[in-house]
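Have a look at the structure below, then the notes.
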Amino acid sequence: MINYIDLCSGIGGFHQAVDRVCERRNIKSCCLFAADNDISAAKIYEKNYGINSYYDLKDETTHDLINKSIQNKEVTFLFAGFPCQPFSKAGNQEGFKNETKGTIFFEIEKIIRKHKPKFVLLENVRNLEKHDKGNTWGTIKDSLIRLGYIVDHVILSPNEIETACIPALRDRIFIICYRQDLDIVDPNYIFGGKKFKKKETSIYLDNDIERGLNPEYFNINSESDLDSEKIETIEMWNDLYHMLKDNNRKIISPLWPSYFNCDVESLDEEEWKKKLIKKNVDFYRANKDIYDLWYSKHKSHFDTLSKSDRKFEWNAGDSIDDIWQGIIQFRPSGVRVKKPDFIPTLVAIKQTPILGIERRYMQPDEMARIYGFKSLNFDDQILSETYKQLGNTVSVDVVEYLINHMLEAVEG
């Protein structure tokens, strides 16, 4: 029997992972308590697992309920994907100074101290390791060691799992803790920050565009849901790509037309940005004939676009020869095209990947499968909330891999 506590439980990535491990080992699992202060995520958790998880860890009443639920039961695992926003590069990196989300770790620490689970598995953004020059990670690690644990960590993504071939990128730090009375049978089970190698993956079946999307993860021949403006914007950039290619010219990335005619030396910008701008100035001088012809064709549309959509990022190299063969995203940094090797990290803000081959956005059930969920019912929840929850979830496949690793470390 594996008894576990699922904190900051979200839509149940840890829950599905441990259930899958137990099913394959032919043992029972029991979620003693789950907690998340996001009401929408808690509703999905209850819908799928029959457990009310709407609790706030900063409320002492929640700690009393946890104590009551556990009583004298031995806790095998404590899981927590504690809030990442205070430590993410995408945020303001307040860390522990963020009193709402940044201090949740200390609430988790209280529960570990009280119930001494055999194993603790925590997840956060990879930047946690370097946040505040490593001081944040040092504080967390020292705290767990004082609680009586052997503390290990690894940064791992679904497309790095040795036993699978998953076309998804989601680098996350996992903090792995073994209670000190457990004997680790082989020191090789300690990752010690080991770097994993990304596997060669593809969103296409057998890495062959002609065979279409891999049906294990994607819905085939789904109807396009792109609006006409998005299609016209993609076609516009595709036209420039092909005009350059047909004349044996190379596109650069990022392509930043607003800086084509500027005086680089007079700009008050950081050096890295001035280098990118100079690259664009040089590109325009070398390709003025093609660009001006292209701009005259698309001026009426180009001039109506937002600042971000007037910037283009080609991250596909020579792996594809048309934008619609790649993965497309409309991002604050520009319209980005990447090669179709893996789905980029999904984020809580909406930058939903477009599957170019089918001219449509990636659907929630596809995102769930990419992150290892075998079944997940979002009921009639609004789409933006579903995308947000999937952008915040852990990879079930990665967690399953790590749970097995932790159990094997003490089993031999």
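Please treat every number below as a calculation from the coordinates, not as lab data. Only a predicted model underlies this, so the values are computations on that prediction, with no experimental measurement involved. Ideal geometry is used to build each Cβ from the backbone, glycine not excepted, and the neighbour counts take in all protein chains shown.
The table that follows gives values for the structure above.
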read-out	value
Cross-link pairs K28/K110; K250/K338; K250/K311; K68/K116 - those with Cα-Cα distance over 18 Å	K28/K110
Segment E269-D380, extension gain: residue separation times 0.36 nm, minus the distance between their alpha carbons	35.2 nm
Span from the the stretch 203-234 Cα centroid across to the the stretch 261-337 one, whole angstrom	24 Å
Residues with amide H under 5 Å from that of F196, placed H, sequence gap 5 or more	none
Net dipole in debye of the stretch 223-362 [+1 Lys, Arg Cβ; -1 Asp, Glu Cβ; about Cα centre; nearest 20]	260 debye
Taking the stretch 223-362 and dividing mean pair separation by its residue count, relative contact order in percent (alpha carbons under 8 Å, at least six apart)	26 percent
Shape category assigned to the chain from the gyration tensor of Cα positions, a/c cut at 1.5	prolate
Using a Förster distance of 22 Å, the FRET efficiency for L226-R249 (Cβ separation, nearest 0.05)	0.20
The stretch 380-386 - phi-based ³J(HN,Hα) in whole Hz, Karplus 6.51/-1.76/1.60, Gly and Pro as x	9, 4, 5, 4, 4, 5, 5
DSSP-assigned coil residues among GluC sites (Glu not before Pro) in the stretch 265-304, each with at most 11 further Cβ atoms within 10 Å	E270
Extension gain (nm, one decimal) between K195 and K288, 0.36 nm per residue minus Cα-Cα	29.1 nm
Extension gain from V185 to S258, taking 0.36 nm per residue of separation minus the Cα-Cα distance	20.3 nm
Per-residue ³J(HN,Hα) for the stretch 163-180, Karplus 6.51 cos²θ - 1.76 cosθ + 1.60, θ = phi - 60°, Hz, x for Gly and Pro	9, 9, 9, 9, x, 8, 9, 7, 5, 9, 8, 10, 9, 10, 10, 10, 4, 5
Loop GluC sites (Glu not before Pro), the stretch 203-234, which have at most 13 other Cβ atoms in a 10 Å radius of their Cβ (DSSP)	E216, E223
Karplus-derived 3J(HN,Hα), 6.51/-1.76/1.60, for each residue of the stretch 138-152, Hz, glycine and proline x	x, 5, 5, 4, 4, 4, 5, 5, 5, 7, x, 10, 7, 10, 10
Ordering of 7-16, 72-81 by packing [mean C-beta count within 10 Å, highest first]	7-16, 72-81
